[in-house]
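The structure under discussion appears below in the form of structure tokens.
Please treat every number below as a calculation from the coordinates, not as lab data. Nothing here was measured: the structure is a model prediction, and the numbers come from that model. Ideal geometry is used to build each Cβ from the backbone, glycine not excepted, and the neighbour counts take in all protein chains shown.
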Amino acid sequence: MDILKRNKPFIGLLLLCVAIAFVSPDFRTTGNFLIILRQTSINFIIALGMTLVILTGGIDLSVGSILAFSSAVSAWLLASGYHAGLAICAALLIGAACGLINGIFISYGKLQPFIMTLVSMTIFRGLTLVFTDGRPINAGENLTFEFVGNGYIFGIPFPIILMIFLFALAYYLLNWTRFGRYIYAIGGNEDASRLAGINVEINKTAVYIACGILSAIAGIILTSRLAGAQPTAGTGYELDAIAAAVVGGTSLAGGIGNIQGTFAGALIIGVLSNALNLLKVSSYYQTIVKGLVILIAVLIDQPFGRKIVMTLLQKIKGRKL
């Protein structure tokens with residue numbers, strides 16, 4: 001029973017895949033699975049950072065705007081003839097700087113994460129629009145940069161390999177380092193963590209910096225795939241990232257969750273989007289479905305929601321669980 005509870009996201013993912021496979025034969029192809037993983041890579045990388053933030057009891061609504069800003073700068077540098085390495089480093093530095101701003105105001109300024117990141121989301125999006133003048137930026141042809149989003153290694157798309165590497169790195173960070181233990185401790189009880197000698201402010205700031213860098217990495221992949229940057233890039237990506245983390249079992253109250261669950265949650269969102277596309281469901285309805293998925297996941301996370309679910313299951317089975 002404990003194994004089932006710990007692997008609820010993966011069980012849900014398996015059941016979803018089986019159900020869709022019966023409805024759509026095109027879903028079962030190897031090529032489609034690679035497409036799902038490739039499309040999921042961007043959301044999962046952002047969701048990694050979101051998971052770290054939520055584990056500390058916070059939230060980051062600015063990830064989509066950070067993605068757009070870092071993406072625009074990297075595309076501009078490439079269009080200006082600069083080396084791909086410089087464009088990538090600039091994007092990562094911008095992501096880190098944006099995360100640092102969020103972290104300082106939240107950790108040291110004691111602003112609520114929701115309010116601060118809502119403000120920074122607006123500011124970073126505005127900076128992107130000013131920088132691009134509201135127009136797309138064509139990055140031009142650069143084989144090195146294009147490899148990030150479109151390259152293959154042994155037949156596997158590079159974004160998938162990068163996603164797996166970041167997953168392994170985040171897993172190690174959370175489970176085998178002092179910093180990972182501090183993240184869980186801060187999310188569990190911030191005051192107790194401070195009394196235990198943990199520097200809450202520095203660690204929380206570091207988490208937001210990591211979230212900003214991961215958002216920038218996702219922006220680099222997106223820019224590489226599209227060979228350019230859009231001023232509206234990343235709009236709504238915070239919704240998908242939060243959905244992946246919450247569906248994967250990360251509690252919005254903080255202190256509970258893991259990277260494996262977020263990976264399963266991101267795949268659930270990706271599989272769901274892919275299935276709706278195969279079934280030719282309008283993108284407008286897809287947004288509604290994603291919102292409902294988040295609502296159900298949050299309800300299950302709450303005692304009241306769990307009671308409702310248990311009651312429904314009792315009625316379905318006709319007996320007490």
Taking r as the C-beta separation of SER282 and ILE256 and R0 as 41 Å, the FRET efficiency to the nearest 0.05 is 0.70
Karplus (6.51, -1.76, 1.60) ³J(HN,Hα), θ = phi - 60°, over region 175-180, in Hz, Gly and Pro reported as x = 9, 10, 10, 5, 4, x
Which whole-angstrom value gives the distance between the alpha carbon centres of region 253-292 and region 122-156?
-> 24
Given the rule -39500 (n - 2.57) for each run of at least 4 DSSP H residues, summed and divided by the residues of the chain, what is its mean residue ellipticity at 222 nm, to the nearest 500 deg cm²/dmol?
-> -25500 deg cm²/dmol
Excluding the sites themselves, what is the longest stretch of the chain that contains no trypsin sites (Lys or Arg not before Pro) in a DSSP loop with at most 13 other C-beta atoms within 10 Å?
-> 111-279
Where the convex hull is taken over the Cα atoms of region 157-278, what is its projected area averaged over directions, in nm²?
-> 8.6
Exposure-ranked with fewest Cβ neighbours within 10 Å first, TYR284, TYR237 stand as TYR284, TYR237
Among the chymotrypsin sites (Phe, Trp or Tyr not before Pro) in region 79-109, which ones are in a DSSP loop with at most 14 other Cβ atoms within 10 Å of the Cβ? Mind listing them?
-> TYR82, TYR108
Pairs of lysine residues in the chain - Cα separation under 26 Å, sequence separation of 8 or more or cross-chain = 16
Given 0.36 nm per residue, what is the gain on full extension from LEU100 to SER80 after removing their alpha carbon distance, in nm?
-> 4.5 nm
